[in-house]
Amino acid sequence: MTDELTSHRFTVTRADLVRYAGASGDFNPIHWSDRVATSVGLPGVIAHGMLTMALAARAVEDWAGGRDRVEEYSVRFTRPVVVPDDDRGVDIEVSGAVKEVTDDGRTRIDVSCTCQGEKVLGMARALVRRPEQPQS
């Protein structure tokens, strides 16, 4: 493992929001209707927070060598991800760095998740179990 997560870019489109709504059961119209989203003060249709969180977790899983190595993961939602009504969507950038390695073989990673240069997840942290080291 390296001391930094390889930077990941995930593109989110309105079609992704429809698929996520079907999988999660979250059909809140702020995730598909510009009219409803703007009527409640949002700048437009926004991605599901849990979808954004899951994309960042995917980057951690890749770095750690599998989802079974992720023992803890938490975030705060700081800014919505606005998804335009076009075929290009919007990019979410995920990176991170090792902040601590414990004596019991766990590694704490601070994760950065941004969209259009703005932080969308705050206090994003993961605790992962390192692969077993071969004994000599």
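Each peptide in 18-31, 116-129 was scored by the mean count of other Cβ atoms within 10 Å over its residues; highest first, the order is 116-129, 18-31. Short-range pairs are left out: with C-alpha atoms under 8 Å and at least six residues apart, the relative contact order of the chain is 28 percent.
Seen against the Cα atoms of the chain and their longest principal axis, helix 49-64 is set at about 30 degrees. Relative to the dominant Cα principal axis of the chain, helix 14-24 is inclined by about 70°. Could you identify which residue out of 40, 90, 82 has the top mean-square fluctuation in a GNM of the chain using Cα springs shorter than 10 Å? So, out of 40, 90, 82, the one fluctuating most is 40.
Readers should treat all values here as calculations from the given coordinates under stated rules, not as data from a laboratory. Keep in mind that what you see is a predicted model, and the values were worked out from it rather than measured. Counting neighbours? That spans all protein chains shown, and the Cβs are built from the backbone with ideal geometry, glycine included.
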